[in-house]
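Trainee: Please read through the structure below; I'll follow up with questions.
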Amino acid sequence: MNFSSRLLEDAVAEFAKLPGVGQKTALRLVLHLLGREKEEVERFGNVLIRLRNEIRHCEICRNISDSPVCTICASPKRDRETICVVEDTRDVMAIENTSQFFGVYHVLGGLISPMDGVGPSDLFIDSLVERVAAGSVKEVILALSATMEGDTTLFYLYKRLKDFGVPVTTIARGIAFGGELEYADEITLGRSIATRVPYENSLIK
């Protein structure tokens, strides 16, 4: 792709680094921004800068937050005795949209994937174990994607948590194998949460 401007080329190259954005889409986005008012583009850029500099992870659940403790963990209306374990913030948003879960969350920050060099120590697993070990948790729901990496992580978490005497459940498989939580429709995901089953029931004896 030939560019008449080095600045244009550099901007397109940066946008093309985003997931699912090729050069043609990146060019379309950059040209769109060039057609907007200067103040609007500056506001767009400032939001991205603030996002990168000011966003943080909740000290309790590791969800993305504007403050040390996220609004879910801080809410007196949430059931702190029930923890739903998810891969990332997108899954928190997906489950919240179902309006079927009223507990709190724990965000792992990924899934165990030896092929990608991601092991248990790369995830927020120890902090989950600490929360359960504290003794106030009555159920841990493992709500991970129905993929090979998801199942590997499920099994590892179950082994780490089973000796605490806390029920460890997993969402019902209304989600097809290979499916990711964030793409499930709200009704299917809501029913999967509501009809969760003990994890050990899914193990091959």
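Trainee: Taking LEU161 and the conditions (1) surrounded by 18 or more Cβ atoms within 10 Å (Cβ to Cβ); (2) assigned to a loop (DSSP other than H, G, I, E, B), which numbered condition does it fall short on, given that it satisfies the others?
Mentor: (2)
Trainee: Which of the residues that make up region 1-51 are assigned to a helix (DSSP H, G or I) and acidic (Asp, Glu)?
Mentor: Once the filter is applied, which keeps residues that are assigned to a helix (DSSP H, G or I) and acidic (Asp, Glu), region 1-51 yields GLU9, ASP10, GLU14, GLU39, GLU40, GLU42.
Trainee: Under the condition of being among the hydroxyl-bearing types (Ser, Thr, Tyr) and in a helix (DSSP H, G or I), which residue from region 88-126 is nearest to THR153 (Cα to Cα)?
Mentor: SER121
Trainee: On to the next question. I'm told ASN63 meets every condition in (1) polar (S, T, N, Q); (2) surrounded by 16 or more Cβ atoms within 10 Å (Cβ to Cβ); (3) out of contact with any helix residue (DSSP H, G or I) (no Cβ under 7 Å at 6 or more places or on another chain) except one. Can you identify the failing condition by its number?
Mentor: (3)
Trainee: Determine which member of the set PHE124, PHE164, PHE155 is of a type in the set (Phe, Trp, Tyr) and either touching a helix residue (DSSP H, G or I) at 6+ places or on another chain (Cβ under 7 Å) or at pLDDT below 90 (or both).
Mentor: Going through PHE124, PHE164, PHE155 in turn, just one is of a type in the set (Phe, Trp, Tyr) and either touching a helix residue (DSSP H, G or I) at 6+ places or on another chain (Cβ under 7 Å) or at pLDDT below 90 (or both): PHE164.
So that you can scan it fast, the table gives a plain yes or no per residue for (1) at pLDDT below 95; (2) surrounded by 12 or more Cβ atoms within 10 Å (Cβ to Cβ):
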{"site": "SER5", "(1), (2)": "yes, no"}
{"site": "ALA13", "(1), (2)": "no, yes"}
{"site": "ALA16", "(1), (2)": "no, yes"}
{"site": "ALA26", "(1), (2)": "no, yes"}
{"site": "LEU29", "(1), (2)": "no, yes"}
{"site": "HIS32", "(1), (2)": "no, no"}
{"site": "GLU39", "(1), (2)": "no, no"}
{"site": "ASN46", "(1), (2)": "no, no"}
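Trainee: Among the residues of region 61-109, write down those that are aliphatic (A, V, I, L, M) and touching a residue at least 60 places away in the same chain (Cβ under 8 Å).
Mentor: Correct list: VAL85, VAL86, MET93, ALA94, ILE95.
Trainee: What is the one condition in (1) in a loop (DSSP other than H, G, I, E, B); (2) closer than 23 Å to LEU111 by Cβ; (3) not aromatic (Phe, Trp, Tyr) that CYS73 does not satisfy?
Mentor: (1)
Trainee: For region 134-154: of the residues being touching a residue at least 40 places away in the same chain (Cβ under 8 Å) and in a helix (DSSP H, G or I), which is surrounded by the fewest Cβ atoms within 10 Å (Cβ to Cβ)?
Mentor: THR152
Trainee: On the given criteria, is THR71 surrounded by fewer than 16 Cβ atoms within 10 Å (Cβ to Cβ) and β-branched (Val, Ile, Thr)?
Mentor: yes
Trainee: Tell me, yes or no, whether region 102-115 has at least one residue that is surrounded by fewer than 13 Cβ atoms within 10 Å (Cβ to Cβ) and of a type in the set (Ser, Thr, Tyr).
Mentor: Within region 102-115, not a single residue is surrounded by fewer than 13 Cβ atoms within 10 Å (Cβ to Cβ) and of a type in the set (Ser, Thr, Tyr).
Trainee: Aromatic (Phe, Trp, Tyr), under 16 Å from the mean Cα position of the chain (by Cα) and modelled with pLDDT under 95 - does that describe any residue in region 90-108?
Mentor: Yes, there is a match, as at least one residue in region 90-108 is aromatic (Phe, Trp, Tyr), under 16 Å from the mean Cα position of the chain (by Cα) and modelled with pLDDT under 95.
Trainee: Tell me which residues, restricted to region 51-60, are charged (D, E, K, R) and either modelled with pLDDT under 95 or crowded, with 18+ Cβ neighbours inside 10 Å (or both).
Mentor: ARG52, GLU54, ARG56
The values are calculated or read from the model by the stated rules, or taken from the named source; none is laboratory data. Just so you know, these numbers come straight off a predicted model, no measurement behind them. Every residue, glycine among them, receives a Cβ derived from its backbone with ideal geometry; neighbour counts consider all protein chains shown.
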